[in-house]
Amino acid sequence: GKCVTLLNWKYETDGLKLTVSEITYPFIAALGDEEFQKSVADQNLKAIRPPLAVCTFAITTDQMLVLTVRGKTTNVYPGRFYGQGGNPPSVHFSLLQHQLDELNEELLLSPDEVIHDSLQFYGIIEDCGAFPRKPDLIGTVQIKLSSQELSARFYSRVSHQRPPDVADIKLIPFNGNALRTFLDSETQPTDFCPPAHGGLRLISQFHFGK
């Protein structure tokens, strides 16, 4: 059947009202279902999109970490902070090329503006509530633009021309104190896509020991 995500809920006089939206990830549920896997095991089906997302955070030359802000109309995590990335289109993909494509689409960065060998991954974070068995691979990558140059590039594209899941960006200093303050005092976990919130804590632990 259809795969939906919960957008909002509220109590009304006659009960609880749930607002849901159909999402474009029905394969996630299918690939995690044992009965489905058994039923197609002998059919030699063509490989489809993997139940995996890749999420990296670009870091500018002046050491600012780049968050994207999802649009309010997106079906998944509307209005929340995320990194750069998404779900690969097929199981046959290169991590580097996938992220170069995503950085180009989301931040208008050309491949030569990304320091390829700086791409680093730290682990996986999974939203066990909304998308169980669909982990996000979390990483960072250095780019050759300053935060000012990146902002000018990003805002050269008016809002209606941006991808629906990249309505805006947020830049925060990439150091332990600033990152901890941002996560602990300036925002709530619900302000983030869960993989992004967990991913930033994972990155902070790796780089800054806490």
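Just one residue in the set Val141, Val114, Val158, Val166 is farther than 18 Å from Tyr82 by Cα and either touching a Phe, Trp or Tyr at 6+ places or on another chain (Cβ under 8 Å) or surrounded by 16 or more Cβ atoms within 10 Å (Cβ to Cβ) (or both); that residue is Val114. Could you check, for segment 19-32, whether at least one of its residues is at pLDDT 75 or above and over 15 Å from the mean Cα position of the chain (by Cα)? The answer is yes, given that some residue of segment 19-32 is at pLDDT 75 or above and over 15 Å from the mean Cα position of the chain (by Cα). Looking at segment 34-51, which of its residues are at pLDDT 70 or above and either over 19 Å from Asn87 (Cα atoms) or touching a helix residue (DSSP H, G or I) at 6+ places or on another chain (Cβ under 6 Å) (or both)? Listed by number, the residues that qualify are Glu34, Glu35, Phe36, Gln37, Lys38, Ser39, Val40, Ala41, Asp42, Gln43, Asn44, Pro51. Consider segment 176-204 and keep the residues that are of a type outside the set (A, V, I, L, M, F, W, C) and touching a helix residue (DSSP H, G or I) at 6+ places or on another chain (Cβ under 7 Å). The one that is farthest from Thr68 (Cα to Cα) is Gly176. Restricting the search to segment 55-79, which residues are part of a strand (DSSP E or B), within 27 Å of Val4 (Cα to Cα) and either among the polar types (S, T, N, Q) or open to solvent by 20 Å² or more (accessible area, probe 1.4 Å) (or both)? Passing the criteria: Thr56, Thr68, Val69.
Criterion first (acidic (Asp, Glu), over 19 Å from Leu52 (Cβ atoms) and open to solvent by less than 40 Å² (accessible area, probe 1.4 Å)) does Glu102 satisfy it? Can you show your working first?
Working: acidic (Asp, Glu): yes; over 19 Å from Leu52 (Cβ atoms): no; open to solvent by less than 40 Å² (accessible area, probe 1.4 Å): yes.
In short, no.
Number of residues in segment 174-193 that are open to solvent by 40 Å² or more (accessible area, probe 1.4 Å) and more than 17 Å from Gln205 (Cβ to Cβ) equals 5. Within segment 150-192, the residues that satisfy the criterion of being closer than 19 Å to Asp112 by Cβ and touching a residue at least 12 places away in the same chain (Cβ under 8 Å) are Leu150, Arg153, Phe154, Ser156. In segment 120-132, the residues that are touching a residue at least 12 places away in the same chain (Cβ under 8 Å) reach residues that are of a type in the set (S, T, N, Q) and open to solvent by less than 50 Å² (accessible area, probe 1.4 Å) with C-beta atoms within less than 7 angstrom, at least six apart or across chains, in these pairs: Gln120/Thr140; Ala130/Thr5.
The values are calculated or read from the model by the stated rules, or taken from the named source; none is laboratory data. Just so it is clear, the structure is predicted and the values come from calculations on it, not from any experiment. Don't worry about glycine lacking a Cβ; one is built from the backbone with ideal geometry, like all the others, and counts go over all protein chains shown. These accessible areas exclude ligands, DNA and RNA; they are computed on the full protein's heavy atoms, side chains included. Shrake-Rupley method; radii C 1.70, N 1.55, O 1.52, S 1.80 Å.
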